[in-house]
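Working notes, beginning with the structure itself.
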Amino acid sequence: MEINPYYQFLFYKIKILSFIYFIIVFFSFSLLAQDVKKVDVASQNWITYSGKYRFSNKLEFITESTLRSIDHSINKVSQSFLLVGVSCSVNDFVKLAVGYQFISIFPTTSKITVTQPEYRPWQQIQFFNNFSSKKITQRIRLDERFRKILLNDSTLAPDNNFNFRFRYNIFAELPLSKKEKILKALSLILSEEIFINFGKQVVFNYFDQNRIFVGLKFKINEGNSIQLGYLNLFQQLPLGNKFRNIHILRLSYFQNLDFRKKNFQTKG
């Protein structure tokens, strides 16, 4: 399908903005590195299920669930995430979505005995750019984060901390081969996402975190795929002079189900 000249121009502008974005990220990390006082290094394992269920040509239902392990642990969970949403395709190149995410932060020390919840409405826009079998997706998301405050080690306070968070993600899928049977089902996945906090309660950590992912995707069939790879998460903590560098092994299962009714033609 031939791409409309308007969208070709739009994608050209997006590429320029992406280049400027990576320059900004590079210099931001350089400035942060000069002021870093303490960096805690940790490792985690993330397991994710992501589902998309299409009910019409434009609308689909989204669900996602994730479990994160405790630092340097395999079988103990530190956080769980449950996301639901609805997306609408504006055209072949633009998609809008809104949704809600619920997070449970489990006790990671023997002193804390209560689970801390977070409630997170979100809105996003995605831009799709396909070159033959290569896929490049850009996503802009806005989170509204309501986090329960710990009154003490065993009690939640009635109030919430609140802030907005801006997220920009660029994602590329590059097939390894078009001919070989096994390699035909494999793709190289590259992704980077930057998180920016803003709001009255944000004092020091306007820069929240940056995530870089490298992995492989195995396509089981048209509706199912598995993704395994390495994710590096560099995060600035609320105090401002403390950072976390987390090395993550991430395993994801993706499922796309089509519930649209088939149109059958009857011969008269």
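A few notes on this one:
- Residue list for the range 213-259, restricted to those being free of Cβ contacts under 8 Å to residues at least 60 places away in the same chain, over 16 Å from Glu173 (Cα atoms) and in contact with a helix residue (DSSP H, G or I) (Cβ under 9 Å, 6 or more places away or on another chain): Gly240
Quick grid of which residues meet (1) modelled with pLDDT under 95; (2) in a loop (DSSP other than H, G, I, E, B); (3) farther than 22 Å from Gln227 by Cα; (4) open to solvent by 100 Å² or more (accessible area, probe 1.4 Å):
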site	(1), (2), (3), (4)
Phe9	yes, no, yes, yes
Tyr12	yes, no, yes, yes
Phe29	yes, no, yes, no
Asn45	no, no, no, no
Asn57	yes, yes, yes, yes
His72	yes, yes, no, yes
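- Scanning the range 74-92 for residues that are over 30 Å from Phe127 (Cα atoms) and either exposed (fewer than 14 other Cβ atoms within 10 Å of the Cβ) or aliphatic (A, V, I, L, M) (or both) yields Ile74, Asn75, Lys76, Val77.
- Of Val114, Val98, all but one fail to be touching a Ser or Thr at 6+ places or on another chain (Cβ under 7 Å) and either part of a loop (DSSP other than H, G, I, E, B) or at pLDDT 95 or above (or both); the exception is Val114.
- Residue ID - nearest to the chain's Cα centre (by Cα), chosen from residues in the range 64-94 that are under 19 Å from Gln138 (Cα atoms) and of a type in the set (Ser, Thr, Tyr): Ser87
- Filter result for Gln79 (in contact with a Leu (Cβ under 9 Å, 6 or more places away or on another chain) and either part of a loop (DSSP other than H, G, I, E, B) or more than 12 Å from Glu64 (Cβ to Cβ) (or both)): yes
- Looking only at the range 123-159, and only at residues there that are among the aromatic types (Phe, Trp, Tyr) and open to solvent by 60 Å² or more (accessible area, probe 1.4 Å), the one that is modelled with the lowest pLDDT: Phe131
The values are calculated or read from the model by the stated rules, or taken from the named source; none is laboratory data. None of the values given here were measured: they were computed from a predicted structure. FYI the Cβ positions are ideal-geometry reconstructions off the backbone, even for glycines, and counts take in every protein chain you see. Just so you know, the surface numbers come from the protein's heavy atoms only, side chains and all, with ligands and any DNA or RNA stripped out. Shrake-Rupley method; radii C 1.70, N 1.55, O 1.52, S 1.80 Å.
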